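Participant: Below are the structure tokens for one structure; questions will follow.
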Amino acid sequence: MLPVVEVQCPYCGERIELRVENCAEEQRYTEDCPVCCKPMYVVVDLDDDGEPLVTVESEAGS
């Protein structure tokens, strides 16, 4: 089962849950916010224990 992380949409500010892969060291992809439907740029890194560290940005990078 993929881990679930909670993030805040950079557009509407709503807290949302994302399922992320924890088998790749670094991932970068675009996913639409399920609340406002705007595209978020998602970056997933793994910490030393293999736990996902997730950040999201607007597509413009803000």
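The values are calculated or read from the model by the stated rules, or taken from the named source; none is laboratory data. Quantities reported herein were computed from a predicted structural model and do not represent experimental measurements. Cβ placement follows ideal geometry from the backbone for every residue including glycine, while neighbour counts extend to all protein chains displayed. Only protein heavy atoms, including side chains, enter the accessible area calculation; ligands, DNA and RNA are left aside. Shrake-Rupley method; radii C 1.70, N 1.55, O 1.52, S 1.80 Å.
Participant: Of all residues in the range 40-62, which are of a type in the set (Gly, Ala, Ser) and open to solvent by less than 40 Å² (accessible area, probe 1.4 Å)?
Facilitator: Gly50, Ser58
Participant: Which count do you get for residues in the range 4-19 that are farther than 20 Å from Glu51 by Cα and touching a residue at least 12 places away in the same chain (Cβ under 8 Å)?
Facilitator: 5
Participant: If you scan the range 1-39, which residues turn out to be modelled with pLDDT of 95 or more, surrounded by 11 or more Cβ atoms within 10 Å (Cβ to Cβ) and either in a loop (DSSP other than H, G, I, E, B) or among the aliphatic types (A, V, I, L, M) (or both)?
Facilitator: Answer for the range 1-39, where residues must be modelled with pLDDT of 95 or more, surrounded by 11 or more Cβ atoms within 10 Å (Cβ to Cβ) and either in a loop (DSSP other than H, G, I, E, B) or among the aliphatic types (A, V, I, L, M) (or both): Val7, Cys9, Pro10, Tyr11, Cys12, Glu14, Ile16, Cys33, Pro34, Val35, Cys36, Lys38.
Participant: Cβ-Cβ under 6 Å, sequence separation 6+ or interchain: first residue in the range 36-59 and over 15 Å from Glu21 (Cα atoms), partner open to solvent by less than 30 Å² (accessible area, probe 1.4 Å) and assigned to a loop (DSSP other than H, G, I, E, B). Which pairs?
Facilitator: Met40/Cys33
Participant: Looking only at the range 43-62, how many residues end up being over 13 Å from Tyr11 (Cα atoms) and assigned to a strand (DSSP E or B)?
Facilitator: Residues flagged as over 13 Å from Tyr11 (Cα atoms) and assigned to a strand (DSSP E or B) within the range 43-62 amount to 8.
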